[in-house]
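Quick notes on the structure that follows.
The values are calculated or read from the model by the stated rules, or taken from the named source; none is laboratory data. The model shown is predicted, which means the values in this text are computed figures rather than measured ones. No Cβ is skipped: glycine too gets one built from the backbone with ideal geometry, and neighbour counts run over all protein chains shown. Heavy atoms of the whole protein, side chains included, go into the accessibility calculation; ligands, DNA and RNA do not. Shrake-Rupley method; radii C 1.70, N 1.55, O 1.52, S 1.80 Å.
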Amino acid sequence: MIFSSAQRLLRSFRSDTDATVTVEFAILMPLFFMFLTSTVELGMVVLRQSQLERALDIVVRDIRLHTGSAPQHDTVRDQICKTSGFIDNCSTSLRLEMVQLDPFAWTGVNEQPDCISKPEEMLPVRGFSNTGASNDLMLIRACMRFKPLFSGWGFGESLSTADPEGLVSLVAVSAFVQEPR
């Protein structure tokens, strides 16, 4: 008796089609929301990266055109911050490195960029050599760190897992030849 009533209840449950769309919605909506947030996050990362590279290129062009002056770290950083517009707490979250390279006796630079671990913590400048003479090859590298918009969901979560603070690093590199003075 109990077995047959359970079978009837199961049969009626299986044949009932009410709220099937709701179940599908409840299952698929988090997936669609994850795609949406990941798309927005990826768009913001690409926008920040392109703005950082553009700002660095504009500042390096300005340095090349003004060959008589040696660029100072804080001045270059402030120019990049002003030109970019997408760097939060720019004066504390952007780190610059400029080194002189010899193209005939190539030694290269450290592959790991020197980034600031926290916006509040400021480390001394790793290397900002503004003493390049005429025709010297100079490499400048800018590294900024930021917190993703959706750091706990989708693409933002996978970006911030490598860092204990949940910050993401973006690096832009440019090189120029010191013009004859």
Efficiency by 1/(1 + (r/R0)^6): what FRET value for S151 and T75, r their Cβ-Cβ distance, R0 = 30 Å, to the nearest 0.05? 0.40
Once phi is turned into ³J(HN,Hα) by the Karplus curve 6.51 cos²θ - 1.76 cosθ + 1.60 with θ = phi - 60°, what whole-Hz value does each residue of the stretch 101-111 show in order, with x for glycine and proline? 10, 10, x, 8, 10, 5, 10, x, 10, 4, 5
How much accessible area per residue does the stretch 41-99 have, in Å², with a 1.4 Å probe? 49
For the stretch 52-100: relative contact order, % (alpha-carbon pairs under 8 angstrom, 6 or more apart): 41
Determine Rg/Rh for the stretch 1-94; Rg is computed over alpha-carbon atoms and Rh is the Kirkwood hydrodynamic estimate from the same atoms. 1.59
Debye-sum result for the stretch 36-84 in log10 I(q)/I(0), which assumes one identical scatterer on each alpha carbon, at q = 0.17, 0.21, 0.28 Å⁻¹: -0.56, -0.71, -0.98
Arranged from highest to lowest average of other beta-carbon atoms within 10 Å per residue, in what order do the peptides 36-43, 21-28 appear? 36-43, 21-28
Test of understanding: what is the full-extension gain from L9 to H66, defined as 0.36 nm times their sequence separation minus their Cα-Cα distance? 12.1 nm
